[in-house]
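Please read the structure below before turning to the comments.
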Amino acid sequence: MEKDIIVMGGGPAGMAAAWACAKLGAKVLLIERYGFLGGMATAGLVGSILGHYLNEEEPAVSGFLKFLIEKTNKMEGCEKWENAFKKYGISFDSEILKISSEKLLLEEKVEILYHSFVCDSLCIDGEIKEIEIANKSGKMKIKGKIFIDATGDADIAYFSKFEYTKGRPFDGKTQSMGSMFKIAGIDEAKLTEEVIKEAGNLLKRLREKGELKIYNIGLGGKGSTIRKGERSFNVMRFSGDGTDIFDLTNGEIEIRKQIYKYWKTLKENVPGFENSYISQLPPNIGVRETRQIKGLYILTGEDILKGKKQEDSIARGTYWIDIHCPLGRTKNVHLCIKECKTEEYCLILDKHKDYLPSQDSLRPPKNDWFSIPYRCLIPIGSKNLLVAGRCISADHKAMSSIRVMATCIATGHSAGIGAYIALDKNISVDKVNPKEIQKILEKQEGLY
Ligand SMILES: Cc1cc2nc3c(=O)[nH]c(=O)nc-3n(C[C@H](O)[C@H](O)[C@H](O)COP(=O)(O)OP(=O)(O)OC[C@H]3O[C@@H](n4cnc5c(N)ncnc54)[C@H](O)[C@@H]3O)c2cc1C
């Protein structure tokens, strides 16, 4: 099999990338390990979509995101773009998103290959000649001209032996994993302020006794669901490496056990949850951080805090530096940027309680954004591989900002355009002029 552009991974970044280059006329193959698109938004039940928002007047991300929201809205899976972009997060129905995203890509004639895991690559002198996939039909080799790695874990860059980093600089530990899930049958009218407060106190007590391993004591919200009586929850943490198959397996088992215990607690103690039930568990544990490619530029935490603008900007980021404790601690540490070097205790909780930074001190200046340079998508030495989504070139702090879905969509959109230009001009990806990407982005309503 031989294709022009091969996109690997059909999550937020991969969907946007495949859509963008197909729209420009390239023959695109999208390879996805599951039987549906959406990545963490559907396979992880993650929501709402964050990072799209500059303020109530202006989005920070548009283009593919806008078209996806418009399509999903038409199919009754989220609200209108005009309203959605004015909010901090865009809630959606994960099941409708599976259908709307697929429709959007098929309309642009993207060829989709599901149930296929990319498991190897033949890369010579920085040029990928072919990749290998494994599926029910066996193993297949596919040749291509330009490749986009949107696997979240930089799997293809890794198989191709491009350099990468992982986790905190001093010990390589990555942000904790954690699964989102949905509970339905909730009588939401009963969730008064008083009930929420009482439930929070109970959950806190059980956490302190070690009976529940939860970091969040809220009662869920409308993230990847918009259905009445259903809420999505983001409360668990599991410390481990999302590229280690044993950690992934243990995480799945432990988190499911915790989810059951958590739901039983709510059902037995919290008014409104009497008739509730677990309506959806994710097919895949939520992985926040694994490999980052070492690219021609490494985005830093400082770039984010300063709202740094760069000439070769191809996407805007606005989200804060949101690091979930790599040790999986479930106390109130959510803004973990103090670098603790020991496993024995939490430096912030034990020594710096007063230091806990506020969200506002961890984001770009108010109403401002930072650039994501095109160079962050190009692994050092790569001739025909671009990387998009959460595994682009960024340090541990910067990745914790650019990992949100709207920003992943934005880097995916631009990777698709960059790949098309490289294909069209028959040049290597590092020779693509970012100004040309910006011009096409403007036509496709993207922001940079
Ligand atoms: C618990 C949790 C809560 C979060 N909360 C939010 C939130 O509220 N809002 C927000 O915006 N973001 C949130 N995030 C972050 C966000 O979901 C991810 O960072 C984002 O989805 C990354 O997008 P991506 O396209 O880079 O990768 P992914 O969404 O991971 O998509 C990668 C795709 O590639 C496929 N794939 C992977 N490897 C292969 C392979 N080798 N071959 C073939 N296919 C492959 C996967 O199946 C998947 O479909 C959260 C993450 C977690 C874990």
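Worth pointing out:
- Straight-distance candidates among the lysines for linking to Lys366, with alpha-carbon spacing under 24 Å and chain neighbours fewer than 8 residues away dropped: Lys66, Lys86, Lys87, Lys306, Lys308, Lys309, Lys338, Lys397.
- From the alpha carbon centroid of segment 389-444 to that of segment 192-215 is 42 Å.
- Amide H to amide H distances under 5 Å link Cys119 with Glu132, Ile133, Ala134, where only residues 5 or more positions off or on other chains count and H is placed in the peptide plane.
- Farthest positive-ward along the chain dipole, Cα basis, beta-carbon charges - from Gly272, Ile321, His115: Gly272
- When each of the peptides 8-15, 183-190 is scored by how many other beta carbons lie within 10 Å of its residues on average, the order from highest to lowest is 8-15, 183-190.
- Net charge of neighbours whose Cβ lies under 10 Å from the Cβ of Leu386, counting Lys and Arg as +1 and Asp and Glu as -1: -2
- In sequence order, calculated HN-Hα J values of segment 385-391 (Karplus, 6.51, -1.76, 1.60; Hz; x Gly/Pro): 10, 10, 10, 9, x, 6, 9
- Environment charge of Pro271, counting only residues whose C-beta is closer than 13 Å and scoring Lys/Arg +1, Asp/Glu -1: -4
- Cα shape, segment 94-231, gyration tensor, a/c 1.5 rule: oblate
- The magnitude of the dipole of the chain, with charges of +1 and -1 set on the Cβ of Lys/Arg and Asp/Glu and taken from the Cα centre, is near 280 debye.
- Couplings 3J(HN,Hα) for segment 225-242, derived from phi with the Karplus relation 6.51 cos²θ - 1.76 cosθ + 1.60 (θ = phi - 60°), are 9, 10, 7, 5, x, 10, 9, 9, 10, 10, 10, 9, 9, 9, 7, x, 9, x Hz, where x marks Gly and Pro.
- Packing rank of 318-330, 203-215, where each peptide gets the mean count of other beta carbons within 10 Å, highest leading: 318-330, 203-215
- Counting only DSSP H runs of at least 4 residues, each contributing -39500 (n - 2.57), and dividing by the residue count of the chain, the helix-based mean residue ellipticity at 222 nm comes to -9500 deg cm²/dmol.
- The label point for Glu194 and the one for Asp125, both projected 7 Å from the Cα toward the Cβ, are 7.7 nm apart.
- Our coupling estimate for segment 361-368, obtained by passing each phi through the Karplus curve with A = 6.51, B = -1.76, C = 1.60 and θ = phi - 60°, is 7, 10, 10, x, x, 3, 6, 10 Hz, Gly and Pro reported as x.
- Peptides 170-177, 145-152, ordered by how many other C-beta atoms sit within 10 Å of their residues on average, highest first, read 145-152, 170-177.
- Segment Lys439..Lys80, full-extension length gain: 126.6 nm, with 0.36 nm per residue of separation and the alpha-carbon distance subtracted.
- C-alpha center-to-center spacing [segment 102-144, segment 245-323] in angstrom: 26 Å
Only the coordinates and a few stated rules stand behind these numbers; no lab work does. Model, not experiment: these values are computed from the prediction. Ideal geometry is used to build each Cβ from the backbone, glycine not excepted, and the neighbour counts take in all protein chains shown.
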